[in-house]
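Some notes on the structure that comes next.
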Amino acid sequence: MKQLLMVTGIFLFICILITSFAGKKTEATNNSVTHNDTEMILDSISPTSGQDISEEHYIIREYDKRIAVFEENGSSPLYVTEVYVSELPKADKKLMKEGIHVNSRKELTRLIEDYTS
């Protein structure tokens, strides 16, 4: 009888663990951005008129508790992601407070994909 109770308890514990991890995976999936989404983000961020795309400079930093893209000297974000800075590792949180300087659209694409996937 004791063995049956112990086996049942272990089984229930394993079921609870699996369920809790499955819920976290679903949350992470909902926040992820695909490559196509990144392209749409970048399409919405157009260069300043007359500026060559190779000369674009951006800053990725925190805005309204989320990751956002700014023009180098801009005060309003060009785009705000759905990713909250609080979900990032400690080192990345610090980078978002300071701002990450981005010198090309290619680098911006890579960083946005890294932080939103």
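Would you mind counting up the charge near LYS97? Only other residues with Cβ under 9 Å from its Cβ, with Lys and Arg at +1 and Asp and Glu at -1. Display every interim value, and only then the final one.
On the way: positive: ARG61, LYS93, LYS94; negative: GLU62, GLU98.
That works out to +1.
Can you sort LYS94, LYS106 so the residue with the fewest Cβ neighbours within 10 Å comes first? Each step should come with its number before you reach the end.
Values: LYS94 10, LYS106 13.
Fewest to most other Cβ atoms nearby, the residues stand as LYS94, LYS106.
Using 0.36 nm times the number of residues separating TYR84 and ARG110, minus their current alpha carbon distance, what extension gain do you get? Present the calculation step by step, with values, prior to reporting the outcome.
Numbers: separation 26, 0.36 × 26 = 9.36 nm, distance 1.81 nm.
Result for the pair: 7.5 nm of gain on full extension.
So for the pair ASP64, ALA91, with labels modelled 7 Å out along Cα→Cβ, what separation do we get in nm?
That separation, rounded to one decimal, is 3.0 nm.
Throughout, read-outs are computed from the coordinates displayed, never taken from laboratory work. Bear in mind the structure is a predicted one, so any value in this text is a computation, not a measurement. When we count neighbours, we look across all protein chains shown, and the Cβ atoms used for this are built from the backbone with ideal geometry, even at glycine.
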